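Undergrad: Dropping a structure here in structure tokens format, bear with me for questions.
The values are calculated or read from the model by the stated rules, or taken from the named source; none is laboratory data. No experiment lies behind these values; they were computed from the predicted model shown. Don't worry about glycine lacking a Cβ; one is built from the backbone with ideal geometry, like all the others, and counts go over all protein chains shown. All accessible areas refer to the heavy atoms of the entire protein, side chains included, with ligands and DNA or RNA removed. Shrake-Rupley method; radii C 1.70, N 1.55, O 1.52, S 1.80 Å.
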Amino acid sequence: MAIEIKKEVSQGTVEQRIVYESGNEMAAYAAHQINYHIMGYFPISPSTEVAQFLDLMKANGQHDIKLIPADGEHGSAGVCYGASTAGGRVFNATSANGYLYMLEQMPVQSGTRFPMVMNLVCRSVSGPLDIHGDHSDLYYALNTGWPILMCRDPQAVYDMNIMALKLAEDPEVRLPVLVASDGYFTSHQKRRVQTFANREDVHAFVGERPPTGFADTLDRDHPITVGPYMNEPDYINNCYQQSVAMYNAEHVYDRIRQEYAVLTGRDYPILDLYRMEDAEVAVFLMNSASEIIKDVVDQLRAQGIKAGSIAPNMIRPFPQKAIAEALKNVKAVTVGDRADSYGGHGGNMVNEIKAALFTHGNRDTMVISRIYGLGGKDFYAEDGHNLFRFAIEAVEKGKVEVPFDYYGHTPGDPAKAPKRVLNPMKYEDLKTGLITVTPDEATGKLNVRIPPLRSLTKKPKRIAPGHGACPGCGIFSGLELFFKGIEGDIVALFHTGCAMVVTTGYPYSAHKATYIHNLFQNGAATLSGVVEMFWERKRRGELDELNLKDDFTFVMITGDGGMDIGMGPAIGAALRNHKMIILEYDNEGYMNTGAQLSYSTPMGHRTSTSNVGSKQGGKVFHHKDTAQIMAATHIPYVFTGSEAFPQDLVRKAAKAQWYGQNEGLVYGKILIACPLNWLSEDQQGSNIVGAAVDSCFFPLYEVEHGVTNITYNPEEKSKKIPLSDWLKTMGKTKHMTKPEYEESYKLFEDEVERRWNMLKAKHESPYL
């Protein structure tokens, strides 16, 4: 049957085009049409793609947005706040724990009344880790002073992003605005979407430039003080003005959406009411699930049941009066919250709906609360029928028997409790005595004796086979080689990252020793607490019953950019000098979220947020030297290593253990291959990281009590190779040797040579 296009698409007064894209793509598409001045960002699934798509468009010259990769979400929020005070248009996108990490910045942005637009691609805020979609991050946003617009599908993501900027910049509002969509449901779902065909029409709607009259830190003739210290009563007055602005946002949004409907033919009233005109039972849901429930309403109507559904397009300010009006004749409503307000007898939405009914005199409508869809649990029409059944049963019985409960959870079965699969490793197998480390009183350094590596192959692997790493991943070959130099028991903490994700898919774990996980930004602090608790409990004699044969070696494993967002806590742990080892596996990017640039990504290298195109040739700034940064904290031992030089790495691991048990913090950095994202052959990882060493990009050295020692010098061995020879081994860098990227290559080459010469100078002098 032929499609009648005029019936299938919205009709408006501006020229539109049809695309077939996801929610993340449409957020980026709207942003590029607006052509924001600044986007500060940090990758976190599932919002990461927004920055990726914008960077790809930037590489091809499709917009002028300055994309600023921050050191973490807290930093990205600071970038955005600073940029907004300087008079331009600002954009961001984040999710889940990343949003919580920037949370303290959110009230600062709204309390000082600087507009911007941020997409919250909703995801579970979790521990244990879950990266799928629910509204637990969204509910943290409710008290931050940001108007919040809701998006049920990719079309709404596009439309709301355009309306959000106009709302944020309206003189009656002048607040930052949050645009919320469902992670992995809406963010990655491909749908047909209508867009403005011409950027000029977008600018005609939102304004080509921000309105005049806003505070601007770049206006030298009108200097301002941003964020002063305030006492009462000034602060309460400031909050009152912000509150007035928030409530203004409701009628301002209503005006904007009507203007937008004329232009596009698409209307987003504050409440999306479906067949509510005579409804006796209703279900309230938000975003993606609110579309599924409409089919259920139709099915119930066909059975003679007067059903209807409510979905808000705005939840801040909360449309209290409109909801009370919509429910005034409804006998029972089931409110589905995709997050719990633990201890609050229901999620945030149900309690706000109860307040709305009470405030407007409705004591008759029965309200049922159900928590559903946590951690990305799918919502089907069958689930919608069950939510309606709760309301129908309440009407039939004249009361709500279970006002609050979870829906879709599985009761625990003691018979199915997870059982140990891997037996603990034997201490005797781990403490071989084949490696000896003795201090040299004359030099103050350590003498290390290691046996032939083949004699260490009998030591059990610390991580069991069967994990889910990509073919050729260098993480585990590098880690296990390092662990060959560690004698006895360890306690390991892993940052979020590939190594963590692929080894701990509940209910299974590939870790044969005690393992802890915490997020990027706090791993070093967390392990510091474990270390100090161990020594304090040992001092008090509380560990005698735990069958300890020796002191633990405490090791934190970080990588996938973890030493960007986690750098501050790592430096703090170093300055406190806890007895622990921090080992960074450097795969030159945020590989666990899809190969975005990290600060360890070298200049010119291609990632999904440093694309290669006619206007951009990969990453535009140099890589961070974490080993040198940590050496500057004056910890006992710092080293670099590579699986391509196994004896060197095992020897350094043995030194690291001695220092980590006897003197204080140790920092190690090993370069490991990521064939999937380096675009290299699976079996070539060791050769590629070996070439990185021979090109002097990744020199092997140690800093022992502040004295630098190069442990392998390719120049002295007559094995130094041109930097270009290493770059040609990877698809992500092949472009760098082409003539059009010669300038970038030369800058990179000069920096590598400069750092190598500085290292040689430090090697020659104990005072550098």
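Undergrad: Where the second residue is among the basic types (Lys, Arg) and the first is open to solvent by less than 30 Å² (accessible area, probe 1.4 Å) and lies in segment 58-83, which pairs have Cβ atoms under 7 Å and are six or more apart or on separate chains?
TA: Ala59/Lys615; Ile65/Lys58; Leu67/Lys58
Undergrad: Among the residues of segment 287-305, are any over 16 Å from Phe388 (Cβ atoms), open to solvent by less than 30 Å² (accessible area, probe 1.4 Å) and in contact (Cβ under 8 Å) with a residue 60 or more places away in the chain?
TA: Keep residues of segment 287-305 that are over 16 Å from Phe388 (Cβ atoms), which gives 287-288.
Among the residues that remain, those that are also open to solvent by less than 30 Å² (accessible area, probe 1.4 Å) are: 287-288.
Within this subset, residues satisfying the condition of being in contact (Cβ under 8 Å) with a residue 60 or more places away in the chain are 287-288.
Checked against the condition, which is being over 16 Å from Phe388 (Cβ atoms), open to solvent by less than 30 Å² (accessible area, probe 1.4 Å) and in contact (Cβ under 8 Å) with a residue 60 or more places away in the chain, segment 287-305 yields at least one hit.
Undergrad: In contact with a helix residue (DSSP H, G or I) (Cβ under 7 Å, 6 or more places away or on another chain), touching a residue at least 24 places away in the same chain (Cβ under 8 Å) and open to solvent by 70 Å² or more (accessible area, probe 1.4 Å), is that true of His385? Before the answer, list the steps.
TA: Working: in contact with a helix residue (DSSP H, G or I) (Cβ under 7 Å, 6 or more places away or on another chain): yes; touching a residue at least 24 places away in the same chain (Cβ under 8 Å): yes; open to solvent by 70 Å² or more (accessible area, probe 1.4 Å): no.
Here the answer is no, as His385 does not meet what is asked.
Undergrad: Looking for whichever is crowded, with 23+ Cβ neighbours inside 10 Å and closer than 18 Å to Ala627 by Cβ here; the options are Gly523, Gly568. Which one fits?
TA: Working: Gly568 fails: crowded, with 23+ Cβ neighbours inside 10 Å.
Testing whether each residue is crowded, with 23+ Cβ neighbours inside 10 Å and closer than 18 Å to Ala627 by Cβ leaves just Gly523.
Undergrad: Hey, among the residues in segment 27-42 that are of a type in the set (Ser, Thr, Tyr) and more than 16 Å from Pro210 (Cα to Cα), which one's most open to solvent (accessible area, probe 1.4 Å)?
TA: At the first step, the residues of segment 27-42 found to be of a type in the set (Ser, Thr, Tyr) are 29, 36, 41.
This time we only want the ones that are more than 16 Å from Pro210 (Cα to Cα), so: 29, 41.
Numbers: Tyr29: 48, Tyr41: 12 Å².
Result: Tyr29.
Undergrad: Return the residues of segment 472-482 that are in contact (Cβ under 8 Å) with a residue 24 or more places away in the chain and open to solvent by 10 Å² or more (accessible area, probe 1.4 Å); say none if nothing qualifies. I'd like the intermediate steps shown before the answer.
TA: Within segment 472-482, the first condition is being in contact (Cβ under 8 Å) with a residue 24 or more places away in the chain, and the residues that meet it are 472-475, 477-479, 481-482.
Once the filter is applied, which keeps residues that are in contact (Cβ under 8 Å) with a residue 24 or more places away in the chain and open to solvent by 10 Å² or more (accessible area, probe 1.4 Å), segment 472-482 yields Gly472, Cys473, Ser477, Leu481.
Undergrad: While we're looking at this one, here's another question. Any idea which of (1) surrounded by fewer than 18 Cβ atoms within 10 Å (Cβ to Cβ); (2) farther than 30 Å from Ala197 by Cβ is the one Val262 doesn't satisfy?
TA: (2)
Undergrad: Additional query: State all residues of segment 658-682 that are of a type outside the set (Gly, Ala, Ser), within 28 Å of the chain's Cα centre (by Cα) and surrounded by fewer than 22 Cβ atoms within 10 Å (Cβ to Cβ); if no residue qualifies, say none.
TA: Answer for segment 658-682, where residues must be of a type outside the set (Gly, Ala, Ser), within 28 Å of the chain's Cα centre (by Cα) and surrounded by fewer than 22 Cβ atoms within 10 Å (Cβ to Cβ): Pro675, Leu676, Leu679, Asp682.
To keep it simple, each residue is scored yes or no on (1) buried (at least 23 other Cβ atoms within 10 Å of the Cβ); (2) closer than 30 Å to Thr432 by Cα.
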{"site": "Val531", "(1), (2)": "no, yes"}
{"site": "Phe534", "(1), (2)": "no, yes"}
{"site": "Gly559", "(1), (2)": "yes, yes"}
{"site": "Gly572", "(1), (2)": "no, no"}
{"site": "Asn577", "(1), (2)": "no, yes"}
{"site": "Thr593", "(1), (2)": "yes, no"}
{"site": "Ser600", "(1), (2)": "yes, no"}
{"site": "Lys619", "(1), (2)": "yes, no"}
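Undergrad: Moving on. Using the structure shown, decide if Ser369 is within 25 Å of Asn143 (Cα to Cα), assigned to a strand (DSSP E or B) and polar (S, T, N, Q). I'd like the intermediate steps shown before the answer.
TA: Numbers: within 25 Å of Asn143 (Cα to Cα): yes; assigned to a strand (DSSP E or B): yes; polar (S, T, N, Q): yes.
In short, yes.
Undergrad: Looking only at residues that are hydroxyl-bearing (Ser, Thr, Tyr) and open to solvent by less than 10 Å² (accessible area, probe 1.4 Å) in segment 163-189, which one is farthest from Tyr268 (Cα to Cα)?
TA: Among those that are hydroxyl-bearing (Ser, Thr, Tyr) and open to solvent by less than 10 Å² (accessible area, probe 1.4 Å), it is Ser187.
Undergrad: Here is a list: Val402, Val330, Val350. Which entry is modelled with pLDDT of 95 or more and open to solvent by 40 Å² or more (accessible area, probe 1.4 Å)? Give the steps one after another, and end with the answer.
TA: Working: Val330 fails: open to solvent by 40 Å² or more (accessible area, probe 1.4 Å); Val350 fails: open to solvent by 40 Å² or more (accessible area, probe 1.4 Å).
Criteria check complete, one pass: Val402.
Undergrad: Being touching a helix residue (DSSP H, G or I) at 6+ places or on another chain (Cβ under 7 Å) and among the charged types (D, E, K, R) is the filter here, so list the residues in segment 636-684 that pass it.
TA: If the condition is that a residue be touching a helix residue (DSSP H, G or I) at 6+ places or on another chain (Cβ under 7 Å) and among the charged types (D, E, K, R), then Glu643, Lys669, Glu681, Asp682 are the ones that fit.
Undergrad: Another one. For segment 57-66, check the following and say yes or no: at least one residue is in contact with a strand residue (DSSP E or B) (Cβ under 8 Å, 6 or more places away or on another chain), of a type in the set (D, E, K, R), modelled with pLDDT of 95 or more and not in a loop (DSSP other than H, G, I, E, B).
TA: At the first step, the residues of segment 57-66 found to be in contact with a strand residue (DSSP E or B) (Cβ under 8 Å, 6 or more places away or on another chain) are 58-61, 65-66.
Filter once more, keeping what is of a type in the set (D, E, K, R): 58, 66.
Checking the rest, the ones that are also modelled with pLDDT of 95 or more come to 58, 66.
Among the residues that remain, those that are also not in a loop (DSSP other than H, G, I, E, B) are: 58, 66.
Yes: segment 57-66 contains one or more residues that are in contact with a strand residue (DSSP E or B) (Cβ under 8 Å, 6 or more places away or on another chain), of a type in the set (D, E, K, R), modelled with pLDDT of 95 or more and not in a loop (DSSP other than H, G, I, E, B).
Undergrad: Same structure again: Looking only at segment 504-520, count every residue that is β-branched (Val, Ile, Thr) and open to solvent by less than 60 Å² (accessible area, probe 1.4 Å) and tell me the total.
TA: Qualifying residue count for the region: 2.
Yes/no matrix, rows are residues, columns are (1) touching a Ser or Thr at 6+ places or on another chain (Cβ under 8 Å); (2) within 19 Å of Ala632 (Cβ to Cβ):
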site: Lys512; (1), (2): no, no
site: His517; (1), (2): yes, no
site: Val530; (1), (2): no, no
site: Leu543; (1), (2): no, no
site: Asp550; (1), (2): no, no
site: Thr553; (1), (2): no, no
site: Gly559; (1), (2): no, no
site: Asp564; (1), (2): yes, yes
site: Lys579; (1), (2): no, no
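Undergrad: Moving to a separate point now. Condition first: among the β-branched types (Val, Ile, Thr) and surrounded by fewer than 11 Cβ atoms within 10 Å (Cβ to Cβ). Now tell me which residues in segment 418-467 satisfy that. Quick ask: steps written out before the conclusion?
TA: Taking segment 418-467 first, the residues among the β-branched types (Val, Ile, Thr) are 421, 432, 435-438, 443, 448, 450, 457, 463.
Passing the criteria: Thr438, Thr457.
Undergrad: Which residue is nearest to the chain's Cα centre (by Cα), if the candidates are limited to segment 98-121 and must be within 21 Å of Cys151 (Cβ to Cβ) and assigned to a helix (DSSP H, G or I)?
TA: Gly98
Undergrad: Right, something else. State the number of residues belonging to segment 211-238 that are surrounded by 12 or more Cβ atoms within 10 Å (Cβ to Cβ) and in contact (Cβ under 8 Å) with a residue 60 or more places away in the chain.
TA: 7
Undergrad: Tyr247 versus (1) of a type outside the set (A, V, I, L, M, F, W, C); (2) over 26 Å from Glu325 (Cβ atoms); (3) under 33 Å from the mean Cα position of the chain (by Cα): which is the lone unmet condition?
TA: Exception for Tyr247: condition (2).
Undergrad: Those residues that are within 24 Å of Ile131 (Cβ to Cβ) and of a type outside the set (Ser, Thr, Tyr), I need them from segment 80-96; list them, please. Break it down stepwise before answering.
TA: At the first step, the residues of segment 80-96 found to be within 24 Å of Ile131 (Cβ to Cβ) are 80, 91-96.
Listed by number, the residues that qualify are Cys80, Phe91, Asn92, Ala93, Ala96.
Undergrad: Further question on the same structure: List every residue pair whose Cβ atoms lie under 8 Å apart, where the two residues are 6 or more positions apart in sequence or sit on different chains, the first residue falls within segment 580-607 and is more than 30 Å from Ile490 (Cα to Cα), and the second residue, located anywhere, is open to solvent by 10 Å² or more (accessible area, probe 1.4 Å) and among the charged types (D, E, K, R).
TA: Gly594/Glu49; Met603/Glu751
Undergrad: Same structure again: Would you check which residues across segment 659-682 are under 17 Å from Val707 (Cα atoms) and assigned to a helix (DSSP H, G or I) and list them?
TA: Tyr659
Undergrad: Can you pull out the helices (runs of 4 or more DSSP H) entirely within segment 683-768 that have at least 2 residues that are loosely packed, with under 15 Cβ neighbours inside 10 Å and among the charged types (D, E, K, R)?
TA: Once the helices (runs of 4 or more DSSP H) in segment 683-768 are filtered for at least 2 residues that are loosely packed, with under 15 Cβ neighbours inside 10 Å and among the charged types (D, E, K, R), what remains is 742-764.
Undergrad: Show the residue pairs that are 6+ apart or on different chains and have beta-carbon atoms under 8 Å apart, the first residue being within segment 736-758 and over 22 Å from Asn611 (Cβ atoms), the second being at pLDDT 95 or above and in a helix (DSSP H, G or I).
TA: Note: pairs meeting the criteria are Val752/Leu723.
Undergrad: May I ask you to say which residue of Val666, Val693 is in contact (Cβ under 8 Å) with a residue 60 or more places away in the chain, under 30 Å from Ala574 (Cα atoms) and of a type in the set (Val, Ile, Thr)? Before the answer, list the steps.
TA: Numbers: Val693 fails: in contact (Cβ under 8 Å) with a residue 60 or more places away in the chain.
Exactly one residue qualifies, and that residue is Val666.
Undergrad: Next up: How many residues does segment 183-237 contain that are in a loop (DSSP other than H, G, I, E, B), closer than 24 Å to Gln16 by Cβ and in contact with a Ser or Thr (Cβ under 7 Å, 6 or more places away or on another chain)?
TA: Number satisfying all stated conditions: 5.
Undergrad: Quick one: what pairs do we get from segment 17-43, first residue closer than 21 Å to Cys151 by Cα, second small (Gly, Ala, Ser) and part of a loop (DSSP other than H, G, I, E, B), C-beta under 6 Å, 6+ apart or different chains?
TA: Arg17/Ala197; Gly23/Ser187; Asn24/Ser187
Undergrad: Which one of these is open to solvent by 10 Å² or more (accessible area, probe 1.4 Å), of a type outside the set (Ser, Thr, Tyr) and more than 30 Å from Thr212 (Cβ to Cβ): Gly98, Gly127?
TA: Gly127
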